[in-house]
Amino acid sequence: MWKVLVVLMSFVACGPMPEAPSPGCGPSTCSGCCSVGGRCVGAGTASCGIGGDRCTSCGSGASCADGRCVKAVMPALHVDAGSIDSGSVDAGVREVDAGTQPMDAGAPDAGLVCPTSTVVPRNHALNGDLECGALPYQSSGGGGRVELIAGRSGHAVRFTVAAGLFNNEFSSTWRFRVTQAGTWCARAFVKGSASVISLRLYLGPPGTAAGEVFDLPGPVSAWSRLPPTLAAVNATGQVGDEGFLVFVERSHTPGTTIEVDDVDVWRSEDGQCRDSR
């Protein structure tokens, strides 16, 4: 009987050994991120981090890249048939209307089909050369007249100023989204009877964009680059900003004109707007 008891007690005393404590999670022990419980885990949207940092959750609409949460960015927007649909650009949906791709209310789009830009960095001004058969501009005040005319080669657009404080400018009906932070540039060829032709590039969060301006004294009888050098009017943009152009007749004189052709908008690789175009 004693022998049986001794064997049983020995078995109980020699039960499973406890686990040895694991080394702490940190930069020296973890290439991913450290969970709340101190465990090293790989990076993902629910546990984003790198180099032994504390894990964070990226939440919806974001992904984990190189250990950091990155928000999804809206791609460049394109207009439909050369004008803004119902007062806003296709509800923020790229190249589609009412969620149907590439259809418009059940019928094919009426036709602003422009060739893809071949310059590097690429031209973000949709129909910037005005050869796609539709007007990409309208009077901001509603009183000015915008019409398609003969340009430097092919088509251009002419704006005629109307009376009234806000009828001396016209703006692009297309918008583009800033997909890379940096210096964004704009230039165009202009002429007209306006005493001062102003080109304004606006960049910023939607509804709060701020502008950079270049004024060209007029009248200008022959097609002239605005600004006159390769360097262009420029503004600094952050990812997600909205950009657009405005041309203004600074004297507010009814009947004066601005003519525009070959609009070019790009993100400068050298930050100086001196990229080869």
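No value in this document is a laboratory result; all are computed from the given coordinates. Keep in mind that what you see is a predicted model, and the values were worked out from it rather than measured. Heads up, the Cβs are rebuilt from the backbone with ideal geometry, glycines too, and the neighbour counts pull from every protein chain shown.
Available extension along the chain between Thr116 and Ser224 is 36.4 nm, counting 0.36 nm per residue and deducting the alpha carbon span.
The label point for Thr253 and the one for Arg277, both projected 7 Å from the Cα toward the Cβ, are 2.7 nm apart. By the beta-carbon count within 10 Å of each Cβ, the least crowded to most crowded order of Glu259, Glu147, fewest first, is Glu147, Glu259.
Taking θ as phi - 60° and the Karplus parameters 6.51, -1.76 and 1.60, the scalar couplings of segment 237-254 work out to x, 10, 4, x, 5, 9, x, 6, 10, 9, 10, 10, 8, 5, 8, 6, 8, x Hz in sequence order, x denoting glycine and proline. The alpha carbon centroids of segment 161-220 and segment 230-254 are separated by 3 Å. Average 1/r across all pairs of distinct alpha carbons in segment 141-228, invert it, and you get the Kirkwood radius: 14.7 Å. Compared with the direct C-alpha span, the chain from Ser35 to Ala210 gains 58.8 nm at full extension, assuming 0.36 nm per residue.
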